[in-house]
């Protein structure tokens, strides 16, 4: 079926760029690794030239992906899930720009951009350390690239493709409106869902929404704690990533979808809440922590 009014080329071009970014960063990783471990200076120099070229291509791809997403959002192409979910006609230009990193894949893209900037600086300033350091940075770029390609391994998906159409989303594929070739003419598709009101502030414009919290409920009364937890839940639903550290494991159960338990500076368990409890046959995190670390007092003066 040919859908009236869809602009397919920007999405196809953007997805090609994400794949190019992944391949180029993979080539840069291997080439920098070979350069760092080469025994002959000529061979090291050859691998470094290849690595630099690959990293430059990767940087071009990443910046082009960013520009393509902004083009889709700023021109209100609501056939794309990214524009429909995170922007609207009513948003001012500065918030249209901020819409790019409201979603998780946009945050990964922003981190990738800063890695590109750091890598470009190191290419010309790191000297003899360029190859080993850039091996690590290039590998990090490989990992970040998988987050914006949207790879499937059987039924498991790694990352999210920011260039998916609304009708291609799993929850939308069987929606009746997409049986119509003119679905974009419907009121449902003429405007996006908009940027969450909680995120329409100046801080949202300059950095992605990540909030670091360390024991935020210590020393507060029950009502205040309840209000804080509920607010953090709403903030997380709106797109803000919470990095939350606490000895109150019940709070971790209520708030976090991924949990890491630390003991003596080491991660002793890591995974989703259901995964950790099911694998260890425990009902709550506190019981799991005691099971893994024992019941002995940690304070020698007790």
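The values are calculated or read from the model by the stated rules, or taken from the named source; none is laboratory data. Predicted, not measured: the structure shown is a model, and the values here were computed from it. As a convention, Cβ positions derive from the backbone with ideal geometry for all residues, glycine included, and neighbour counts pool all protein chains shown.
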| Restricting attention to the range 221-232, does a residue exist that is assigned by TED's automatic domain parsing to the domain that holds residue 111, at pLDDT below 90 and more than 23 Å from residue 11 (Cα to Cα)? | no
Tell me yes or no: at least one residue of the range 279-296 is at pLDDT 85 or above, surrounded by fewer than 13 Cβ atoms within 10 Å (Cβ to Cβ), closer than 30 Å to residue 101 by Cβ and not assigned by TED's automatic domain parsing to the domain that holds residue 101. no
Selection from the range 37-53 of residues free of Cβ contacts under 8 Å to residues at least 24 places away in the same chain, surrounded by 14 or more Cβ atoms within 10 Å (Cβ to Cβ) and more than 18 Å from residue 119 (Cα to Cα) yields 38, 46
Over the range 49-106, the set of residues in contact with a strand residue (DSSP E or B) (Cβ under 8 Å, 6 or more places away or on another chain) and under 20 Å from residue 235 (Cα atoms) is 104
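Please verify whether residue 169 is touching a helix residue (DSSP H, G or I) at 6+ places or on another chain (Cβ under 8 Å), modelled with pLDDT of 80 or more, surrounded by 11 or more Cβ atoms within 10 Å (Cβ to Cβ) and not assigned by TED's automatic domain parsing to the domain that holds residue 65, treating the condition exactly as stated.
On the way: touching a helix residue (DSSP H, G or I) at 6+ places or on another chain (Cβ under 8 Å): yes; modelled with pLDDT of 80 or more: yes; surrounded by 11 or more Cβ atoms within 10 Å (Cβ to Cβ): yes; not assigned by TED's automatic domain parsing to the domain that holds residue 65: no.
Considered against the rule, which asks whether it is touching a helix residue (DSSP H, G or I) at 6+ places or on another chain (Cβ under 8 Å), modelled with pLDDT of 80 or more, surrounded by 11 or more Cβ atoms within 10 Å (Cβ to Cβ) and not assigned by TED's automatic domain parsing to the domain that holds residue 65, residue 169 comes out as no.
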